[in-house]
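Written out below as structure tokens is the structure these notes cover.
The values are calculated or read from the model by the stated rules, or taken from the named source; none is laboratory data. Note that this is a predicted model, so its numbers are computed, not measured. Don't worry about glycine lacking a Cβ; one is built from the backbone with ideal geometry, like all the others, and counts go over all protein chains shown. Accessible surface is based on the protein model in full, side chains and every heavy atom, while ligands, DNA and RNA are left aside. Shrake-Rupley method; radii C 1.70, N 1.55, O 1.52, S 1.80 Å.
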Amino acid sequence: MSNMVDPLVGQIASRIRTERERRRWTLVQLADASGVSRAMINRIERGESSPTAVILGKLSAAFQLSVSSLLALAEGATDDGGDVAAGVRRPADALEWRDPATGYRRRQITGPHFPAEIAEIRLPPGAHVPYPAAAFAFIRQVVWVLEGRLTFHEGDTVHELEAGDVIELGEPAPCAFANNSEAECRYAVILTRDQRP
């Protein structure tokens, strides 16, 4: 998806810059903490490049946030700097983020101040999205497969999940979401934070 089409690129850029500045980190410090190049972080913060899910995983891990938290904070900001109010949100009004590398699509279900974060994910056939263990620090997470099949790698353990299956994650481990089937997989990620970093 082109940066010119995706309205979330600017919001994600602003949130990453805000999280970095909140910690008083330079671009070099964030690059060292995340393993993402300084040049790439600079392009993302300027809204010149849409980060992939893998890059978001590395950046969120450096901030000790989940990817869901990072994107929920980005999506929850309004143009005037306020937060999205509680109430009804129609599917047609929801912002959907698309990973430019895999086609993975994510829609935040809950607002940034709701006590649990819920996101709907659509993983296309052949997609493989890995995250470092640090992206799962400080959170409790459940993955609920709604449609299709999901191959979930939790450390060295591989779980083959089908529609209706639920997995509650244990201690932080490197994880990967993979769709080895020929049909889209749709799943929900539900998480709560154990403690604030």
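Points worth noting:
- From the options Ala39, Ala86, residue that is among the aliphatic types (A, V, I, L, M), open to solvent by 30 Å² or more (accessible area, probe 1.4 Å), out of contact with any helix residue (DSSP H, G or I) (no Cβ under 8 Å at 6 or more places or on another chain) and at pLDDT 85 or above: Ala39
- Residue count for the stretch 42-72, restricted to those that are among the acidic types (Asp, Glu) and open to solvent by less than 20 Å² (accessible area, probe 1.4 Å): 1
- Hey, Pro130 closer than 17 Å to Asn179 by Cα, open to solvent by 40 Å² or more (accessible area, probe 1.4 Å) and of a type outside the set (Lys, Arg) or not: yes
- Tally of residues being crowded, with 16+ Cβ neighbours inside 10 Å and either farther than 23 Å from Glu171 by Cα or not hydrophobic (A, V, I, L, M, F, W, C) (or both) across the stretch 108-123: 9
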